[in-house]
Amino acid sequence: MAPLVTFDRATLGYGRRAVLTDISFEIPEGDFLGLVGPNGAGKTTILRALLGSLEPLGGSVTRAPTLRFGYVPQRDQVDYSFPLKVLDVVLMGRYDRIGLGRRPTDDDRRRAHQALEHVGIDRLADRALADLSGGQKQRTLIARALVGEPNVLVLDEPTNGMDLVATTQILGLVRELHERDGLTVLMVSHALNEVSNYVERIALVVEGGFRIGTTDEIMTEQALSQMYGIPVEVKSVEGHRIVVARRRTIEVEGNRV
Amino acid sequence: MFSTVLLFREALYGALVIALACSVIGVYVVLRRIVFVGAALAQISSAGIALALWLAGAGLALGGAANPTVVSLLLTLVAVLFFASGTRGRVPPDATIGITYSVAAAVGILLIAKAASGEAHDIFLSGNILGITRRDTLVLLAVTVPVLAIHALFYKELLFVSFDRETARTLGYTVRGWDLLLYLTLGVVIASAMQFAGVMLVFNFLVLPAVTGLLLSHTMRGVFFWSVVSALVAAFVGFSLSVPFDLPSGPAISAVSGVLVMVSWGIRRVLAHG
């Protein structure tokens with residue numbers, strides 16, 4: 001089966017300035033990929049190229065003709081001063097399907113309720129978006145992405161600014177959507193420790209460097225020390241991986257780091 | 001008192017039409033935090049009026065092309081294209097607005113200072129609501145009805161790109177195009193109202209009713225409703241008080257609008273703590 005998205009030796013950047021060069025990877029159907037790296041490393045650049053709002057400077061980014069993204073923006077990208085109910089926000093995910101100048105139908109509202117039920121907050125449908133907790137707002141935005149019936153769910157920093165409980169619940173929900181519904185998921189995050197315990201593959205972006213592989217391939221001391229340029233240790237606590245910076249130096253491909 | 005007001009009913013109808021148009025678009029102006037874009041556009045539109053009055057005073061009517069509303073509309077639309085383009089290099093957006101506002105204000109005052117008409121200065125500052133004729137009201141309606149129809153027809157699109165432009169973009173919306181449509185309707189309404197209402201009242205109608213709406217409602221429909229109602233009430237009450245007490249109509253309407261904001265704020269406080 002053809003991949004949903006293919007980056008082929010893509011050079012990405014703004015104007016004439018290249019941020020990332022020679023990026024090649026594919027997102028096959030059913031993938032659960034984490035795009036991880038520190039702030040400013042180029043995650044958003046890859047994300048924009050993926051979504052089609054940034055044309056590559058070189059190489060190509062190819063999207064399958066049937067591809068439809070369900071995009072979940074960073075929570076602070078949304079303006080909560082708008083007096084909108086949760087259901088109104090979820091309905092926005094169907095606006096392009098409803099068509100120009102037309103109003104949502106009963107069927108659209110039914111689907112919006114279903115999406116809210118899917119993420120466990122249908123009881124909040126008539127509440128004001130601004131009155132919700134961070135986790136509830138995030139579930140609303142996920143429901144909006146789902147109601148458009150996407151084949152790839154793209155989440156941009158879904159746990160930013162959330163406490164431990166909300167973070168665990170949101171990441172659990174995303175994994176459930178992948179496992180239960182077979183949804184292809186791309187999760188963008190700076191938090192390697194959080195994401196690595198949920199996704200199946202990781203694309204690591206660090207200061208212009210890019211590496212992609214299965215979680216087992218990427219979450220090794222060798223690979224991470226090489227990418228981050230500092231010695232790191234990967235520990236396992238009750239099946240969960242934790243990456244910590246190490247104080248002693250180690251050898252990575254002949255270099256002491 | 002009311003019979004005196006009825007003598008100026010054509011002017012009152014015109015004020016109500018201006019209130020209606022501005023209060024609908026004002027909801028977007030306030031929610032999108034482009035209040036000062038509204039102020040700058042109002043000032044540019046006003047400078048257009050000043051330019052037309054100066055041209056008329058200098059005997060350069062240009063075969064009717066120097067009509068105040070026409071000149072005001074042309075200048076405002078140029079500014080709309082500028083603000084909607086979003087490309088201003090290294091100059092921060094709010095600085096651009098500040099530059100536009102202050103230059104437009106200065107140019108307007110300079111032109112008015114040299115305008116031959118004795119009433120020009122007053123019109124430039126506070127408009128001339130009492131001077132609205134039936135024909136003017138019909139012109140205002142001819143602008144307002146299509147603008148409101150556009151806003152009703154494309155409500156969900158304008159709302160979506162205003163609320164979450166990045167997600168709208170991923171769903172295929174041409175965000176810049178919708179921004180331009182919103183700014184164009186804003187510019188047309190400002191330019192058509194400016195000659196009669198003046199900078200102060202147009203700016204007031206773009207901001208205060210929408211704030212009243214936001215204070216009184218938690219839904220978009222409710223915000224639009226209260227914004228329009230409060231603007232119409234302010235126009236009616238302010239105008240009705242200004243005529244018998246020989247007060248300038250624009251400031252009187254603005255003052256009533258301010259009272260309505262304070263009352264709404266009080267209601268909101270009482271409901272929040274009740």
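Counting only helices (runs of 4 or more DSSP H) that sit completely within the range A:136-236, those holding 3 or more residues that are within 22 Å of A:L4 (Cβ to Cβ) correspond to A:164-181, A:215-218. For the range B:7-38, the set of residues classified as within 14 Å of another protein chain (Cβ to nearest Cβ) and among the β-branched types (V, I, T) consists of B:V27, B:V29, B:V30, B:I34, B:V35, listed by residue number. Checked against the criteria, B:L180 counts as within 30 Å of A:S53 (Cα to Cα), surrounded by fewer than 24 Cβ atoms within 10 Å (Cβ to Cβ), touching a residue at least 60 places away in the same chain (Cβ under 8 Å) and more than 14 Å from chain A (Cβ to nearest Cβ). Assessment of the range A:5-15 against the conditions (under 29 Å from A:R111 (Cα atoms), within 14 Å of chain B (Cβ to nearest Cβ), under 17 Å from the mean Cα position of the chain (by Cα) and not in a loop (DSSP other than H, G, I, E, B)) yields at least one matching residue. Here B:V107 clears all of (1) at pLDDT 80 or above; (2) crowded, with 20+ Cβ neighbours inside 10 Å except the condition numbered (2).
On the basis of being touching a strand residue (DSSP E or B) at 6+ places or on another chain (Cβ under 6 Å) and within 14 Å of another protein chain (Cβ to nearest Cβ), does B:H218 make the cut? For B:H218, the condition - touching a strand residue (DSSP E or B) at 6+ places or on another chain (Cβ under 6 Å) and within 14 Å of another protein chain (Cβ to nearest Cβ) - is met. Screening B:F205, B:F196 for residues that are modelled with pLDDT of 95 or more, buried (at least 23 other Cβ atoms within 10 Å of the Cβ) and in contact with a helix residue (DSSP H, G or I) (Cβ under 8 Å, 6 or more places away or on another chain) leaves exactly one candidate, B:F205. Filtering the range A:42-56 to residues that are assigned to a loop (DSSP other than H, G, I, E, B) and touching a Phe, Trp or Tyr at 6+ places or on another chain (Cβ under 9 Å) leaves A:G42, A:G52, A:L54, A:P56. Evaluation of B:S254 against the conditions (1) at pLDDT below 95; (2) more than 17 Å from B:I34 (Cα to Cα); (3) more than 12 Å from chain A (Cβ to nearest Cβ); (4) surrounded by fewer than 24 Cβ atoms within 10 Å (Cβ to Cβ) shows that the sole unmet condition is (1). Number of residues in the range A:16-36 that are more than 18 Å from A:E200 (Cα to Cα) and part of a loop (DSSP other than H, G, I, E, B) equals 1.
In the set (1) more than 9 Å from every other protein chain (Cβ to nearest Cβ); (2) under 30 Å from A:L153 (Cα atoms); (3) in contact (Cβ under 8 Å) with a residue 12 or more places away in the chain, the condition left unmet by B:T174 is number (3). For the range B:208-239: of the residues being of a type in the set (G, A, S) and buried (at least 21 other Cβ atoms within 10 Å of the Cβ), which is farthest from B:L20 (Cα to Cα)? Filtering first and then ranking leaves B:G238.
Of all residues in the range A:33-58, those being away from chain B (no Cβ under 14 Å), of a type in the set (A, V, I, L, M, F, W, C) and more than 23 Å from A:Y228 (Cβ to Cβ) number 1.
For the range A:65-90, filtering for residues that are more than 7 Å from chain B (Cβ to nearest Cβ), outside any loop (DSSP other than H, G, I, E, B) and of a type in the set (A, V, I, L, M, F, W, C) leaves 5. Residues that are surrounded by fewer than 22 Cβ atoms within 10 Å (Cβ to Cβ), touching a residue at least 60 places away in the same chain (Cβ under 8 Å) and under 18 Å from A:I121 (Cα atoms) within the range A:154-204 comprise just one, A:R175. Of the residues making up the range A:91-108, those that are under 20 Å from B:F154 (Cβ atoms) and either part of a helix (DSSP H, G or I) or aromatic (F, W, Y) (or both) are A:L91, A:M92, A:G93, A:R94, A:Y95, A:D96, A:R97, A:I98, A:D108. Taken over the range B:239-258, the criterion of being in contact (Cβ under 8 Å) with a residue 24 or more places away in the chain and closer than 19 Å to B:F203 by Cβ is satisfied by B:F239, B:P248, B:S249, B:G250, B:P251, B:I253, B:S254, B:S257, B:G258.
Only one entry of A:P73, A:P65, A:P83, A:P56 meets the criterion of being surrounded by fewer than 16 Cβ atoms within 10 Å (Cβ to Cβ) and of a type outside the set (S, T, Y), and that entry is A:P65. Set side by side, the residues A:A143, A:A130 differ, and just one is aliphatic (A, V, I, L, M), surrounded by fewer than 19 Cβ atoms within 10 Å (Cβ to Cβ) and under 26 Å from B:G222 (Cα atoms), which is A:A130.
Listed here are the residues, each with its yes/no results for (1) facing chain B (nearest Cβ under 9 Å); (2) surrounded by 15 or more Cβ atoms within 10 Å (Cβ to Cβ); (3) of a type outside the set (G, A, S); (4) on the phi > 0 side of the Ramachandran plot.
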position	(1), (2), (3), (4)
A:R94	no, yes, yes, no
A:G101	yes, no, no, yes
A:A125	no, yes, no, no
A:K137	no, yes, yes, no
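The values are calculated or read from the model by the stated rules, or taken from the named source; none is laboratory data. Nothing here was measured: the structure is a model prediction, and the numbers come from that model. Don't worry about glycine lacking a Cβ; one is built from the backbone with ideal geometry, like all the others, and counts go over all protein chains shown.
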